[in-house]
Every structure is written in structure tokens, then in C-alpha cells.
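Encoded as C-alpha cells, the structure appears first; notes follow it.
The values are calculated or read from the model by the stated rules, or taken from the named source; none is laboratory data. Just so it is clear, the model here is predicted, and its values are computed rather than measured. Methodologically, a virtual Cβ is constructed for each residue, glycine included, from the backbone with ideal geometry; neighbour enumeration extends over all protein chains shown.
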């Protein structure tokens, strides 16, 4: 059975609607035998080019990150089998698929059952159940460094395991130099680090959708404080989970 990975660069796109390339694999082969560049991400040009390409591969399984329920329904009507909530380097994911180890590439916080995402959003109240691992946008690697108010172009992320207090740092310098897609790349960096919640100042709409699709809660308007202070406010339930982005598309804040 052929395998298709919806990719952004050489990685599975965190959100199907942001994929710019389809990579096709055959059983036992660690590299794609066919790659098709899409004319644009589905969130801009629609699903038609993606569906047209998939029609050429009967019985193909589409592996992707998160996706909107309307996209999944359209794929279902077209007879495409979808395996969502997967992230990572495309070749590694394909190899794991054939050897039965794809579970380790499942995006953190994503359950196995499909949940409708187009229902009206309910306002989320202050955080009641804390995430076990959180990521804070930071100007440096220490708890004493200041929170970086940007998400996509933040200098990096301090990752905190709340139970143990253990911290680590994820450099985000690669996203800072990107002309486009910085927020999506940053969301993938956070997902790979295992974070279940992000604390930042401003998050743009594309990054917000990518984080939500990966099951990562977003806490916004966190700025003018140290990373350590932000962590303590989160522990005490003083920070609320956002239900919408607070930065405009293409803005320099998110």
C-alpha cells in the first residue's frame, strides 16, 4: 500500500493545511520515490491540488499532522484514508511506518480518536489542569532570562517539566531567519520538545492553528517578566488559556 506524507520542507507538516509538498513512499524504501510540490498550502489555495495528486495513487494512506475536520471530511469523501497527528522528519516517519514504530512520532497531547474541531469554541477559563511540560518563549536559556514576547521569531524556548522542575532549552534561531513559516516551524520545535502548553506574548493565526492541531494549549500576553516568574504564575493558575490568536497574520510580533 503506497504511503503519502504531507510535508513542509523535509518534515511532516504540523498542520495539513500548511503542507507544501507531498512525498510518496513504497514499502521498505527509506526515501520517497515521488515528490510533488503543491502550488500553495491548502489554507490559501484549497484542497483541490492535493486531492488531484492523491487520485493518481489509488489506496494511498495520507500521513499528516493535525487537520481541520472539514479537510478530513473532504478527504473521506474522496476515499482517502488519513493517519493524522504525526510529526517528524519525513524519511524517519516513513521508515517507522513500515516497521510498526510510528507511535513514537505521534504529536504530543493528541489522542487516538478523531474529535470535531469546527464546533463553536467555548471560552476557556483560567488554567485548571496544568500541562506537565510547558515551553516559554525566552531571550535566553535560563529561568532568569526575560520572556521573549514573540513566538515564531523568539530566540528560543525554555522547556520546563513542572513535576521535577527540570529545564532544557530549544534554540529557535532557524525560525528567526525564515522569510515565511516561522510560526509553523516554531510550533514544530515546541511539539518535538514534548510541550503541552506554550507561554508567550504574541502568537499569530498560523502558529496558533498549528499549536492547536498538535494539542498544545496557548497562553498569551505573557511579557515584561522573567521566564521563572511566568512559570510561577502558570503554576498558581494565574494565566488563562487563549481561544484565539492575538497577533495579526504577517505581523512582526508573533
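Miscellaneous remarks
- Taken as a whole, region 234-245 holds at least one residue that is part of a loop (DSSP other than H, G, I, E, B), farther than 27 Å from residue 89 by Cα and without any contact (Cβ under 8 Å) to a residue 40 or more places away in the chain.
Residues are listed down the side, and each one gets a yes or a no for (1) surrounded by fewer than 17 Cβ atoms within 10 Å (Cβ to Cβ); (2) farther than 21 Å from residue 214 by Cβ; (3) over 16 Å from the mean Cα position of the chain (by Cα):
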site	(1), (2), (3)
10	yes, no, no
14	no, no, no
21	no, no, yes
27	yes, yes, yes
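- Residue list for region 209-228, filter: at negative phi, modelled with pLDDT of 90 or more and either outside any helix (DSSP H, G or I) or touching a strand residue (DSSP E or B) at 6+ places or on another chain (Cβ under 8 Å) (or both): 218, 219, 220, 222, 223, 225, 226, 227
- Subset of region 44-58 (residues that are out of contact with any strand residue (DSSP E or B) (no Cβ under 8 Å at 6 or more places or on another chain) and modelled with pLDDT under 85): 44, 45, 46, 55, 56, 58
- Within region 30-53, tally of residues that are without any contact (Cβ under 8 Å) to a residue 60 or more places away in the chain and not in a helix (DSSP H, G or I): 11
- In region 196-208, the residues that are in a loop (DSSP other than H, G, I, E, B) and over 18 Å from residue 139 (Cα atoms): 196, 204
- Here residue 74 fulfils each of the conditions (1) more than 24 Å from residue 180 (Cβ to Cβ); (2) touching a residue at least 40 places away in the same chain (Cβ under 8 Å); (3) buried (at least 18 other Cβ atoms within 10 Å of the Cβ) apart from (2).
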